[in-house]
Structure formats: C-alpha cells, structure tokens
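Throughout, read-outs are computed from the coordinates displayed, never taken from laboratory work. As the structure is a prediction and not an experimental result, all values here were calculated from the model. Cβ: placed from backbone, ideal geometry, glycine included. Neighbour counts: every protein chain shown.
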C-alpha cells in the first residue's frame with residue numbers, strides 16, 4: 001500500500017532554503033565552538049604524571065652522579081632511562097622504539113585510568129610484576145599507585161632486555177632502591193629474581209648471573225631461585241598472598257614480558273595490552289602468574305606492546321622530545337559543546353514547526369482579504 005504525503009502548496013522554496021541555511025549554520029557553529037573537557041580522574045592523573053616526571057629527573061641525576069654518559073642519539077629526550085644495546089646483565093632482545101615510547105610522564109596517567117577501569121580504589125592492594133626491561137613503566141606504575149593511595153606488592157626481575165635498565169650499577173633494582181631511599185615512593189620490591197627464562201637467567205653468562213645476584217644482595221632483597229618454572233610461579237604467588245594477608249588483591253600489573261609473569265611468548269600475546277577482566281581463550285593452557293590471577297577473576301593489567309598502548313591513549317610513539325606532564329587526551333579532550341548542540345537542534349525543530357507545519361511564513365505574507373475557496377489542497 002502506498003503512503004500519501006501532504007505538503008501545503010504555499011510553503012515556498014525560499015522557506016525551505018532558509019531552513020537549509022539554518023541547518024548548515026548550526027553545523028558550522030557546532031564544529032567551530034568545541035570545548036576542552038577534563039577527563040575522568042583528572043586530579044589523580046595529573047598528580048601521577050607530575051610524580052613520574054619528578055622521579056625521572058631524579059634518576060637522570062643518579063645516572064650523572066654515577067658517571068654513566070647519556071646517549072642522546074638513542075635517548076633523544078635525555079631521560080637517562082634508555083640503556084645499552086648489550087651488557088652482561090641483558091636477558092633478551094628488545095626494541096629501541098618501544099623503550100623510547102615509555103619515556104613519557106603521562107604514561108602514569110594512563111595507568112591511573114587503567115586502575116580505575118579495573119575497579120581499583122583507594123586503599124586497595126594490587127600485585128605487581130616488574131622487570132628491568134621498561135624502567136619508565138615501572139616508575140609510572142609506582143606513581144599511579146601513590147596518586148590513588150593504592151598499595152602495590154612488588155616482585156622484580158633484575159635483568160633487562162636490550163635498551164632497558166641493563167647498565168651494571170644502574171639496573172632497575174638500584175633505581176627503585178634509590179627512589180625509595182630519597183622518599184620519592186612509598187613502596188619497593190619485596191623480593192627479586194635474576195629474571196630471564198625460568199627466573200634463572202638461562203642463556204646469560206655466569207658472570208652476568210653473579211653480577212645480578214650481587215645487585216639483589218646490595219639492595220637487601222630476598223633472592224628467588226626456583227627449581228622449575230612452576231616453582232617460580234608458585235614462589236611469586238605465595239609472596240603475593242602472604243603480603244596481602246586477609247585483604248583481597250584487586251588487580252595484577254605486569255610490566256614487560258617476563259616468562260614467569262606472562263608465560264611463553266604465546267602466553268604474552270594471548271592477553272591484550274591494557275586491562276583484561278576475563279581469561280583470554282586458551283590462556284589457561286600456559287601457566288603463568290597472569291593466568292593464575294585471571295583464573296581467580298582478578299583483572300590483569302598487561303603493560304606490553306607499549307606503542308599500541310600509547311597510540312590508543314593519544315601519546316606519541318616513539319617519544320623524540322621531552323613531554324610535559326599533564327598534556328594530552330588522557331587529561332583533556334576536545335569535545336562537542338552539548339549545550340550548543342541541543343540549542344541548535346531545538347532552534348531547527350521550532351523553525352520547522354513554525355515555517356512548515358504551521359505554515360507561518362505564508363500566514364504573514366498572504367493578503368488579508370484572501371478567502372478560502374473551500375477546495376482542499378492537492379496531495380502529493
């Protein structure tokens with residue numbers, strides 16, 4: 001059945017053109033007068049970013065004090081947190097552009113956002129697995145915990161992949177210990193392993209392993225020396241559970257790609273970068289700390305594939321110049337002015353009602369003496 005539509009013959013084309021111009025003008029106004037909107041958890045994000053920025057500057061001072069030259073070619077921001085391509089405490093291959101991407105204080109704000117997305121609140125306890133591969137992300141995590149008043153239970157790996165914290169005398173554990181000693185952060189690791197395959201540094205030289213053991217002893221942490229990979233996972237889970245006591249662990253944070261934390265390379269890629277609230281398909285087949293927490297229904301924050309994470313949250317990848325704390329979409333986002341959009345829509349609806357439905361333009365323009373001949377207008 002065909003529909004029959006009625007339009008008054010006396011709605012002029014000029015009126016329709018006027019309405020069209022009003023609509024176009026409304027679109028132009030909406031596009032031209034966007035506003036900057038503070039994003040959720042802005043105060044905590046800003047606090048975390050500023051604290052990370054301060055910690056990075058403190059670590060640069062430490063590097064200079066140790067007379068370890070900055071590598072401005074590979075560390076263009078001069079952060080001091082980019083390591084060497086190789087050393088005796090290097091555990092695995094690494095990618096320079098990924099390490100450069102993390103040299104951004106605003107990554108701490110991203111981790112604040114992830115904590116809130118995972119349901120972490122002030123006073124909660126989170127388990128954390130650090131490696132030396134991404135010292136800047138370790139700092140970002142500590143800053144986010146302090147900003148939200150969250151207690152991290154930390155276990156670290158002493159070794160690092162290429163371009164990470166792989167400089168003897170300036171490894172992650174030594175950085176962390178310095179930041180804790182000067183009062184920059186409230187927490188530090190409870191225990192440490194050599195890292196690498198099975199947490200025993202398989203593939204590393206004997207000299208490298210001994211150097212890492214000496215560093216762990218220097219910062220006065222218990223050394224984890226597991227017999228097998230399963231034993232390594234068991235030891236870490238026991239430390240987390242004992243430190244948490246009766247308090248529930250609200251999230252697990254993994255930084256990097258340590259085999260005990262993520263499992264094999266396959267296990268690492270089964271979890272997506274960022275917040276994982278459910279166990280990924282087939283992940284249970286590969287034992288790891290992340291899998292065990294996920295199996296308990298505890299959210300896992302997987303800080304890996306950092307270039308993808310940076311792009312997702314509007315951060316540069318890689319970072320080639322110093323970044324200002326508190327700048328970026330994670331803090332403020334340009335959005336449409338909802339009041340203006342609503343006003344434009346209301347004006348257009350009222351105009352359509354008056355000019356078309358009520359035929360107001362014709363009523364004002366028609367001669368006063370004109371009378372209706374009683375014949376209905378044609379349907380179209």
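Rounded to the nearest 500, the 222 nm mean residue ellipticity of the chain from helices alone is -13000 deg cm²/dmol, with -39,500 (n - 2.57) taken per DSSP H run of at least 4 residues. Mean projected area of the convex hull spanned by the Cα atoms of the chain, taken over all viewing directions: 28.0 nm². Axis of helix 229-244 versus longest Cα principal axis of the chain: the two differ by about 70°, to the nearest ten degrees.
Counting every pair of alpha carbons in the range 87-218, the share spaced more than 18 Å apart comes to 53 percent.
Counting only alpha carbon atoms, the long axis of helix 42-65 and the longest principal axis of the chain meet at about 40°.
Ordering 353, 163, 84, 225 by the number of other Cβ atoms within 10 Å of each residue's own Cβ, fewest first, gives 353, 225, 84, 163.
How far is helix 206-218 tilted off the main Cα axis of the chain, in degrees rounded to 10, range 0 to 90? With both axes taken from Cα atoms, the answer is about 80 degrees. Computed from the Cβ-Cβ distance with R0 of 51 Å, the FRET efficiency linking residue 121 to residue 27 stands at 0.75.
Peptides 256-263, 321-328 ranked from most to least packed by the mean count of surrounding Cβ atoms within 10 Å: 256-263, 321-328.
Relative contact order for the chain: what is it in percent, counting Cα pairs under 8 Å that are at least 6 residues apart? Result for the chain is 24 percent.
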